[in-house]
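Colleague: Got a structure here, written out as C-alpha cells. Questions coming.
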Amino acid sequence: MISTIAQTVVLFAGLWLAGLGVWMFVRPVLALDVLKAMGSSPLIHFGEMALRTAAGFAFVVAAPQSRFPLTITVIGVFLIVTAVALTALPRRWHVAYSTAWAQRIPVIAVRMIAPVSIVAGGVLIWTMI
C-alpha cells in the first residue's frame, strides 16, 4: 500500500513537471513572479520544503518499481537533502536566491526551458508506468 501511494505521488510529480512546463511556456512572466515569491513567507518556504521532502521520500520508496531504480533513488535523496539544507538555512537566503534568479532570467529563457520540464515530466511518468 505504501509503495502504491509512493508511485502515485511520483506520477503526480511527473504531471506537475509537465504542467509546470506548459504554464512556463504560456505565462513566463507569471512563472518568474512565482519564482521570486519562493521562500517569501514562512508558509510558502516551509510548505515548499515539506512538499519537497514528501516527494523525495516517495521517489525513494517507489524507486524499486521504476524502470530506473538507481536514478529515481538518487533524485529522491537529492530532494530530501536539499529540502533539509534549505530548511536549516536562514529563510532570507532562500528569498534572496530566488529573487536574484527571477530578476536575472529573461522571459524568453523561461519559454525556452519549458519544453525540458514537459519532457522531464513525461519521462518521469514513463519511468513509473
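Colleague: Evaluate segment 95-114: report whether one residue or more is closer than 28 Å to M1 by Cβ, buried (at least 19 other Cβ atoms within 10 Å of the Cβ) and either hydroxyl-bearing (S, T, Y) or out of contact with any His (no Cβ under 9 Å at 6 or more places or on another chain) (or both).
Modeller: Looking through segment 95-114, none of the residues is closer than 28 Å to M1 by Cβ, buried (at least 19 other Cβ atoms within 10 Å of the Cβ) and either hydroxyl-bearing (S, T, Y) or out of contact with any His (no Cβ under 9 Å at 6 or more places or on another chain) (or both).
Colleague: Quick check, is I125 loosely packed, with under 13 Cβ neighbours inside 10 Å, out of contact with any Ser or Thr (no Cβ under 7 Å at 6 or more places or on another chain), in contact (Cβ under 8 Å) with a residue 40 or more places away in the chain and over 19 Å from V34 (Cα atoms)? Don't jump to the end; show me each part of the working.
Modeller: Working: loosely packed, with under 13 Cβ neighbours inside 10 Å: no; out of contact with any Ser or Thr (no Cβ under 7 Å at 6 or more places or on another chain): yes; in contact (Cβ under 8 Å) with a residue 40 or more places away in the chain: yes; over 19 Å from V34 (Cα atoms): yes.
Judged against the criteria, I125 is not a match.
Colleague: Kindly evaluate L11 against the criterion of being under 14 Å from the mean Cα position of the chain (by Cα), of a type in the set (A, V, I, L, M) and not in a loop (DSSP other than H, G, I, E, B).
Modeller: yes
Colleague: Of all helices (runs of 4 or more DSSP H) completely enclosed by segment 18-129, which ones contain at least 3 residues that are β-branched (V, I, T) and modelled with pLDDT of 95 or more?
Modeller: The helices (runs of 4 or more DSSP H) meeting that bar are 42-62, 69-88, 107-128.
The values are calculated or read from the model by the stated rules, or taken from the named source; none is laboratory data. Because the structure is predicted, anything quoted here is derived from the model rather than measured. Note that we place each Cβ from the backbone using ideal geometry, even for glycine, and neighbour counts take in every protein chain shown.
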